[in-house]
Structure formats: structure tokens, C-alpha cells
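Working notes, structure below.
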Amino acid sequence: MAAYGFYSSSQRKEYIAELERLSPTTQYTVGTKASNYFGIDEYGVLGYFYPCVSKYRPVSSRIVKGNNSRMLNLKLNDGYVLSLSISGGEAFQFSLERKNDEGRTLWRSSGFALNCELSLLNTK
């Protein structure tokens with residue numbers, strides 16, 4: 001596996017295929033500050049957020065709800081991290097990355113557009 005920063009943009013696009021390894025039952029964690037700021041549980045499952053993420057689009061088609069944006073990293077099983085750009089309670093852009101046991105980034109996908117409400121987390 002290539003080290004972060006030493007792979008081509010075509011490899012970055014291929015990494016998004018790893019999204020298929022996730023599911024609505026995939027568990028996530030976020031820190032207390034992020035939980036409080038975004039109004040989401042610190043621990044939970046992707047729930048209906050997962051099928052929404054699965055309908056991602058090219059980043060050039062992103063639609064931002066609201067004016068201010070913040071980053072939110074959902075730490076998932078097996079070292080995966082969903083890095084989300086959030087505005088108005090909705091994720092509008094994301095990338096998927098994978099970290100090793102020491103927390104070092106192994107790879108990161110390209111960015112993609114989506115429009116998924118954070119309220120979809122923990123829904124069944």
C-alpha cells in the first residue's frame with residue numbers, strides 16, 4: 001500500500017471503492033467537542049447516513065447549505081475515517097481515509113460531493 005502523499009490522483013479515486021466495505025451498521029466515534037458542536041452522539045452507527053454517502057457525486061457538483069462550514073471526522077471501524085465538510089447541519093463534501101494502528105494515514109481518497117443531513121446518523 002502506498003504511503004500517504006506518494007500516490008497518483010487515479011489511485012486517490014480508486015480508494016473511494018473502499019466505501020463498499022462500510023454499511024449502515026458501521027460504528028463511528030467523534031470527540032465530545034464535536035459531538036456537542038454538531039449535536040450528534042459521540043458513539044453510534046452510520047444508519048441512513050451510509051446510503052446517502054453512497055450516492056456521492058463529483059466534487060464540482062457540490063451544493064453548500066448555509067454560509068459557514070466546519071470539518072467533522074467520523075472515526076470508523078478498521079481505521080477508516082470519513083472526513084466531512086459540514087454546513088447548516090448537512091455534510092456537503094467528504095473524503096475517505098484509512099489509518100494504521102499508530103494513527104498514521106495510509107491513504108486518502110479524492111474529495112466528493114454529497115448532501116446528507118447529520119440527523120441521518122444513528123437512524124435505522
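The values are calculated or read from the model by the stated rules, or taken from the named source; none is laboratory data. Values in this document were obtained by computation on a predicted structure and should not be read as measured data. Cβ coordinates were reconstructed from backbone atoms using ideal geometry, including for glycine residues, and neighbour counts include every protein chain displayed. Areas reflect the complete protein model, heavy atoms only, side chains present, ligands, DNA and RNA absent. Shrake-Rupley method; radii C 1.70, N 1.55, O 1.52, S 1.80 Å.
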Worksheet, complete the sentence: The aspartates and glutamates whose Cα lies under 16 Å from the Cα of K99, excluding any fewer than 8 residues away in the same chain, are E18, D78
Worksheet item: What part of the accessible area of segment 56-124, given as a whole %, is carbon or sulfur when the probe is 1.4 angstrom?
Response: 44
Worksheet entry | Cross-link reach list, lysines versus K65, counting only Cα pairs under 20 Å and skipping chain neighbours closer than eight places | K55
Worksheet item: Treating the beta-carbon of each Lys and Arg as +1 and of each Asp and Glu as -1, no other charges, what is the dipole magnitude of the chain about its Cα centre, to the nearest 20 debye?
Response: 320
Item to complete: Beyond 17 Å, what share of the Cα-Cα pairs of the chain is found? Please give it as a whole percent.
Response: 55
Item to complete: Averaging sequence separations of C-alpha pairs under 8 Å and six or more residues apart, then dividing by the length of segment 27-124, give the relative contact order as a whole percent.
Response: 32
Item to complete: Mind checking which of N68, T123, Y15 is farthest towards the positive end of the chain's charge dipole, using Cβ charges of +1 (Lys, Arg) and -1 (Asp, Glu) about the Cα centre?
Response: N68
Response to the item:
With every protein chain kept in place and a 1.4 Å probe, the chain has an accessible area per residue in Å² of 58
Practice prompt. Name the long-range amide H neighbours of Q93: under 5 Å, sequence gap of 5 or more, or other chain; modelled H, no Pro or chain starts.
Written response: S85, L114
Worksheet item: When the chain is fully extended, how far beyond the present Cα-Cα distance does T29 get from N67, taking 0.36 nm per residue of separation?
Response: 11.1 nm
Item to complete: Using the Karplus curve 6.51 cos²θ - 1.76 cosθ + 1.60 with θ = phi - 60°, work out ³J(HN,Hα) for each residue of segment 71-87 in order, rounded to whole Hz, and write x for Gly and Pro.
Response: 9, 9, 9, 8, 7, 10, 4, 6, x, 6, 9, 8, 9, 10, 9, 10, 8
Worksheet entry | For D78, solvent-accessible area (1.4 Å; no DNA, RNA or ligand), Å² | 110
